[in-house]
Amino acid sequence: MAALTQSESRQPLSITPSDEAVRLVEAMIFASTDPVSARAILGLLEGQGLVPDAVDDIGAYVRAVLATLVARYAGRGVVPVEVAGGWQFRTASDLAPRLTRVMPKPRRLQRATMETLAIIAYHQPCTRAEIEEIRGVSVNQNTLDTLIEESLIAPRGRKEVPGRPVLWGTTPDFLRHFGLKSLNDLPRREELMSDTLTSPRHPLDNTADLLAPRPAPAEEAEGVIVEEEAAPDSPEEN
């Protein structure tokens with residue numbers, strides 16, 4: 001397994017992945033409800049005897065299998081994408097707008113909830129009091145309950161201070177919802193936390209804007225969309 005993390009500076013792989021290996025990985029990703037990791041893919045290929053004996057860099061071989069699979073789906077309605085530390089089939093991005101009228105819409109999260117989620121994403125693990133200090137208003141328990149229910153945040157232990165408050169952090173589902181490979185793919189903190197917790201004035205290209213009202217995403221049935229509130233938040237409301 002350690003070979004998966006080896007440097008990619010070796011010579012290019014000279015062995016073409018077999019059609020059976022590519023099809024088996026395709027079936028594995030299709031059948032899984034969660035992103036499939038490269039380690040899981042390697043375990044499947046080794047278990048089925050589909051890693052040739054002549055392969056020295058098994059990490060490169062897994063990457064070659066995935067690259068072949070991605071190439072096969074070029075121009076198709078669904079494509080394999082790397083998200084949340086694994087691989088998953090997603091609707092092709094150019095087709096998503098044409099499905100918005102026929103696919104069920106997900107539960108919408110209000111801006112106050114999204115602001116709380118953004119703070120947790122950038123300051124995790126953090127306590128409720130720390131979230132309130134950053135936002136400048138109290139956090140309603142319903143806000144945290146909603147994020148827990150959506151499987152976007154989860155407890156990350158307790159802070160060793162008087163009262164031992166719960167520490168909150170994001171979940172793998174958070175990455176999946178926003179199509180992120182890891183937390184390193186979040187937009188820069190200063191873009192979100194400028195003067196006030198509002199949508200960045202100049203969002204970065206190819207990054208997730210956690211606070212802006214979102215158009216229908218590629219996987220709208222699974223994603224989360226921000227819903228604008230009629231009036232600014234107040235401490236009583238949040």
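With respect to Arg101, determine if the residue is open to solvent by 40 Å² or more (accessible area, probe 1.4 Å) and modelled with pLDDT of 90 or more. Talk me through it step by step, then tell me what you get.
Values: open to solvent by 40 Å² or more (accessible area, probe 1.4 Å): yes; modelled with pLDDT of 90 or more: no.
So Arg101 does not fit the description; no.
Six or more apart or on different chains, Cβ under 7 Å: which pairs go from a residue in segment 116-139 that's touching a residue at least 40 places away in the same chain (Cβ under 8 Å) to one that's of a type in the set (Asp, Glu) and open to solvent by 10 Å² or more (accessible area, probe 1.4 Å)? Could you list them?
Arg135/Glu115; Val137/Asp233; Ser138/Glu132; Val139/Glu132
Please pick out the residue among Arg107, Arg135 that is surrounded by fewer than 17 Cβ atoms within 10 Å (Cβ to Cβ) and either modelled with pLDDT under 85 or over 21 Å from Leu175 (Cβ atoms) (or both).
Just one listed residue meets the conditions, Arg107.
Between a residue in segment 31-54 that is within 18 Å of Ser18 (Cβ to Cβ) and any residue that is in a helix (DSSP H, G or I) and aromatic (Phe, Trp, Tyr), which pairs come within a Cβ distance under 9 Å, given they are 6 or more apart or on different chains?
Leu42/Tyr61; Leu45/Tyr61; Val51/Tyr61; Pro52/Tyr61
Mind listing just one residue for me: the one in segment 146-161 that is open to solvent by less than 70 Å² (accessible area, probe 1.4 Å) and in a helix (DSSP H, G or I) and, of those, nearest to Phe178 (Cα to Cα)?
If we take residues in segment 146-161 being open to solvent by less than 70 Å² (accessible area, probe 1.4 Å) and in a helix (DSSP H, G or I), then Leu147 is nearest to Phe178 (Cα to Cα).
Looking at segment 110-132, which of the residues that are modelled with pLDDT under 90 and out of contact with any helix residue (DSSP H, G or I) (no Cβ under 9 Å at 6 or more places or on another chain) is farthest from Asn184 (Cα to Cα)?
This residue is Arg111.
Does segment 162-171 hold any residues that are surrounded by 14 or more Cβ atoms within 10 Å (Cβ to Cβ) and over 14 Å from Ile120 (Cα atoms), and which are they?
Pro165, the sole residue that qualifies.
I'm trying to understand the selection: among the residues of segment 55-73, which are among the hydrophobic types (A, V, I, L, M, F, W, C), under 13 Å from Trp87 (Cβ atoms) and free of Cβ contacts under 8 Å to residues at least 24 places away in the same chain? Break it down stepwise before answering.
So the first thing to find is which residues in segment 55-73 are among the hydrophobic types (A, V, I, L, M, F, W, C), and the list is 55, 58, 60, 62, 64-67, 69-71.
If we keep only those that are under 13 Å from Trp87 (Cβ atoms) as well, we get 62, 65-67, 69-70.
If the condition is that a residue be among the hydrophobic types (A, V, I, L, M, F, W, C), under 13 Å from Trp87 (Cβ atoms) and free of Cβ contacts under 8 Å to residues at least 24 places away in the same chain, then Ala67, Val70 are the ones that fit.
Please identify the pairs in which a residue from segment 160-188 that is closer than 14 Å to Leu147 by Cβ and at pLDDT 85 or above has its Cβ atom under 7 Å from the Cβ atom of a residue that is assigned to a strand (DSSP E or B) and aliphatic (A, V, I, L, M), counting only partners at least 6 apart or on another chain.
Trp168/Ile153; Gly169/Ile153; Gly169/Ala154; Thr170/Ile153; Thr171/Ile153; Thr171/Ala154
The values are calculated or read from the model by the stated rules, or taken from the named source; none is laboratory data. Small disclaimer: the values here were computed from a predicted structure and weren't measured. As a convention, Cβ positions derive from the backbone with ideal geometry for all residues, glycine included, and neighbour counts pool all protein chains shown. Note: areas computed on protein heavy atoms with side chains; ligands, DNA, RNA excluded. Shrake-Rupley method; radii C 1.70, N 1.55, O 1.52, S 1.80 Å.
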